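So the structure is just underneath, and the comments pick up after that.
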Amino acid sequence: GSWEKRILKSLNSMSTELNIPLAQKRPVNEQKELLNKWNEMGTDEPDLSLFRPVYAPKDFLEVLMNLRNPNYENGEQPSFKNHLGLIQVPLKVKDIPELKDDFSELGLNIGQLGIDDSAQVPPEFFENEHVHVGQKVLAEQDSAAAQQYVRQGCPTALRADLWALILNISNQPEDILYYEQLKSNVIQHDLLVDSLIYKDVKLTASNDDYYFVFEDYLYQVLLCFSRDTSVLEHFTYSSATPPKSYIRGKLGMEEYAVFYPPNGVIPFHGFSMYVAPLCFLYHEPSKLYQIFREMYVRFFFRLHSISSHPSGIVSLCLLFETLLQTHLPQLFYHLREIGAQPLRISFKWMVRAFSGYLATDQLLLLWDRILGYNSLEILAVLAAAVFAFRAVNLMEVTSLAAAEAVLADLSTLKVMPLLQIFLFATVT
């Protein structure tokens, strides 16, 4: 509640300071111009120097560190007394035996895409067989079978179709029409958040070797997304409340008088990286849009809203800290002693579901498993596995900056072996 209010307040003060309304109708000539350059918005260079991201992941981490749960003050959970991480809300998180059980398909003796030299099965034999099974799953259009299938990874050629099947996206004429309506709303109305979206893309995806080519797709998807009131429905099953703003009158846009932006989501620094990897898979804007929206309302919103859900960011932080404290106690204590609490480093990876940190092929293998297990818990497991993998170097560092330097570049990491070794080869 108070966090959402703070974000909105900062948006309102930006509006006042810059003397730019939160929403206004575009003049007709501007509408025409935007329509003409819809497919090359990236070439336009508006002056964005005055706009600043409303918040960044590290601001959000400060909020989570200050959360307290009054119900637990009288020590109902003795086990939590020993928790030495930054998160002080005692939620129930899984231990390694439970995670092994949940992620049993990642076991060492099971074929996986993303593992080059599995001892059990020659990888090319597994891959050929796996592609064959994947084609059958697609032919039968069985969403549950597809979800089970991608737990072992998706063949590149089948991934777009399998994800669409799992997410129940079929791109019907009415879906395309809905997307066109959102687009015409973008053309007609100018929102202050448009500039924030523009700036975010410029600060993140545009500087990324993998994603800069998708700049125009990102504007299209994110501008349409900000107008999509159907996204508000997901707040009915999440405990977050969308930001309400009684926008100063005189806009003549009564339908926007309640939620701002209309989809209830204020983008933070790095938000566009939720969309960027999907651009590799979908090149048709309305389909890309639907896939992103479904990924957002199923998964990504949990990474920047406060709740006690097992896939919510608070639980993921706690799971990450607990795994490290339990399984790499020496490393955990060392980093804590030198003022380099591990969560200060891993938080941004988890908030962005590792997008922009891993190489794209590795990221897509990770997202396969998010869809396959219908859970974000694997993000916390991977974050812990990265620390385990770099533990020897991390034991040498003596400052947060040095620890960050050791973990600055994750682009060479191979996700699946890291997860397998951490879950199934760690002595517990």
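Observations on the structure shown:
- Relative contact order of segment 257-326, pairs being alpha-carbon contacts under 8 Å that are 6 or more residues apart, as %: 14
- Accessible surface of the chain, 1.4 Å probe, proportion on carbon and sulfur as whole %: 53
- Against the empirical curve 2.2 N^0.38 Å, the C-alpha radius of gyration of segment 286-354 lands at a ratio of 1.37.
- Residues whose placed amide H lies under 5 Å from that of Phe259, excluding near-sequence neighbours: Ser245
- Cut-off 13 Å between beta-carbons: net charge of the residues surrounding Pro57, Lys and Arg +1, Asp and Glu -1: +1
- Exceeding the 32 Å Cα-Cα cut-off - candidates Lys202/Lys414; Lys37/Lys414; Lys92/Lys348; Lys5/Lys37; Lys9/Lys414; Lys25/Lys202: Lys37/Lys414; Lys5/Lys37; Lys9/Lys414
- Cβ-defined net charge surrounding Asn263, 11 Å radius [Lys, Arg +1; Asp, Glu -1]: 0
- Percent of Cα pairs exceeding the 19 Å cut-off, where the set is segment 128-217: 61
- In percent, rounded to a whole number, the relative contact order of segment 309-428 is 34, using alpha-carbon pairs under 8 Å and six or more apart.
- Per residue, the average separation of C-alpha pairs within less than 8 Å and at least 6 apart gives the chain a relative contact order of 22 percent.
- Heavy-atom accessible surface of Lys100, to the nearest 10 Å², is about 60 Å², with a 1.4 Å probe and all protein chains retained.
- Radius of gyration (Cα atoms) of segment 278-428, expressed as a multiple of 2.2 N^0.38 Å: 1.07.
- J(HN,Hα) series, segment 59-64, from Karplus relation 6.51 cos²θ - 1.76 cosθ + 1.60, nearest Hz, glycine and proline x: 5, 5, 4, 4, 4, 5
- Using every pair of distinct Cα positions in the chain, the Kirkwood expression returns a hydrodynamic radius of 22.9 angstrom.
- Cα gyration tensor category, rounded, prolate or oblate, for segment 167-214 with a/c compared to 1.5: oblate
- With at most 11 neighbouring Cβ atoms within 10 Å, loop GluC sites (Glu not before Pro) (DSSP) excluded, longest segment of the chain: 77-428
- Kirkwood-based Rg to Rh ratio, segment 327-402, C-alpha trace: 1.01
- Per residue, the solvent-accessible area of segment 1-66 (1.4 Å probe, heavy atoms of protein chains only, all protein chains present) comes to 62 Å².
- Acute angle (nearest 10 degrees) that the helix 192-203 long axis makes with the longest principal axis of the chain, alpha-carbon atoms: 50
- Computed on protein heavy atoms with a 1.4 Å probe, the accessible areas place Asp209, Asp102 in the order Asp209, Asp102, largest first.
- For segment 368-424, the Kirkwood radius over C-alpha pairs fed into Stokes-Einstein at 20 °C and 1.002 mPa s yields D = 173 µm² per second.
- Local electrostatic count, Val193, Cβ distance below 14 Å [Lys/Arg +1, Asp/Glu -1]: -1
- Here the Karplus relation 6.51 cos²θ - 1.76 cosθ + 1.60, evaluated at θ = phi - 60°, turns the backbone of segment 353-359 into coupling constants of 6, 6, 5, x, 9, 8, 4 Hz, with x for every Gly and Pro.
The values are calculated or read from the model by the stated rules, or taken from the named source; none is laboratory data. If you're wondering where the values come from, they're calculated on a predicted model, not measured in any experiment. All Cβ positions, glycine included, derive from the backbone under ideal geometry; neighbour counts span all protein chains shown. Remember, those area values only see protein heavy atoms, side chains included, never the ligands or the DNA or RNA. Shrake-Rupley method; radii C 1.70, N 1.55, O 1.52, S 1.80 Å.
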